[in-house]
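Here's the structure we're looking at; comments come further down.
What follows is calculated from the coordinates using simple rules that are stated; it is not laboratory data. Here the structure is a predicted model, which means the values were calculated and not measured. Backbone-built Cβ (ideal geometry, glycine too); neighbour counts: all protein chains shown.
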Amino acid sequence: MPEHALREQRLEAMRRRGYLVLCACSVAVHAVIAVGELPQGNWRAAAVAVLSAALLPAVLSRRVSAHRLDVLVVWCANIGATYFLWDFYARSLALGARESLTVLLFFVVWFGLLPLKQAAVRGGLLYAALIALVLRQGLGDWGPGGPGLADPVPLLYTGFLLFLIGQMAVTGRQLQQELSRTALYADLALTDALTGLPNRRSLEQRLEEHYLGQDVAGETDRAATSIGVLIVDIDLFKTVNDTHGHEVGDQVLVNLGRTLRTCARAEDLVARWGGEEFVLLITHGDPTALEQIGRRIQQALAEQKPPQPLPRVTVSIGAALSGEAGNAASLLALADRRLYRAKHAGRNRMNMDDLRREAGIAGLRGEIPVAHTQVLDVPGPG
């Protein structure tokens, strides 16, 4: 999966956890406040606690997407801000610490989840309404207000914090956009534009990482972390291009990429090597796993009914294990030699050069005698 897609998944998981913590803390805090205020007839804190508790099932449910959660939280903030202004007006409240923190909570939600323009409009309207309500009570001196007078200091601090939150939101989003662009460029550098699969550079990086890890691993660990590669080449692909055109040829490549991804295991890597060649990097590879996946690929193509106007194609496969070569280049070269032996043997088959006998014997030489050639032939068209 591309890095930016993985990053999006992690961000969504973090957002869900954040909502869960927010709702749980809101329930706990407002429940404690409600215990002291309900006997006085003030049910505001109890209402907020109930509303926060009602959000918990939506946060925990995987059926509710992260986007819908964002919309739900924004609407709760909108309703909460409206109720706050009404309560502030009806009870002629002073702008104390609790009220200021409540207002800032609305600011954080809006600037965190809405486009900046919408967040600024909502925050500005709320602050303007708050100013009007405070002015309705009259302002005192620059200090604690006298009887019936409002202290202007909390209002000024609230305005300053509104500006600060907005500025931080702008800066944060600019940084996020820059990081997203950087991640996208990195993905493009490691992704084949036609098939969307990892490209040659991405595969080479994975192989180099494997061999670097093998250099510091013990003998037992090397055996446990052995990997294999399958080089898959479309038979007579030039004929496909010459007969059907390059556009159809491109669609054949895309279709084969999907087929290979279906036949591979979740932990395996499928990459486009170049032209009509693909490479499967088989984690925890052994001869049996390579053989099973190779047979699965050829069987899938033999049974496949590609959409018109795509022709049916066959593939030849060369296999190799990391224990047979001392580095990534030698491993790929060995698999490539076996691929061409499969083609010379008649195509539509897989060459393993008797890996069960040779794996671990050839060691770092990267040489397998041609005499020990095992060809797995799967009947199919072409």
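Relative to the current alpha-carbon distance between Glu208 and Val121, full extension at 0.36 nm per residue lengthens the span by 26.1 nm. Site pair Gln40 and Arg265 shows an inter-label distance of 6.5 nm when each label is modelled 7 Å from Cα along Cα→Cβ.
Checking every one of the trypsin sites (Lys or Arg not before Pro) in segment 238-293 against DSSP loop status and a limit of 15 other Cβ atoms within 10 Å picks out Arg265.
In this simple spin-label approximation, Leu194 and Ala13 carry label points 7 Å from Cα along the Cα→Cβ vector, and these lie 3.5 nm apart.
Taking 0.36 nm per residue of separation and subtracting the current Cα-Cα distance, fully stretching the chain between Ala90 and Ala47 would add 13.8 nm.
If the chain linking Ala28 and Ala329 were pulled fully straight, counting 0.36 nm for each residue of separation and taking away their Cα-Cα distance, it would gain 102.4 nm.
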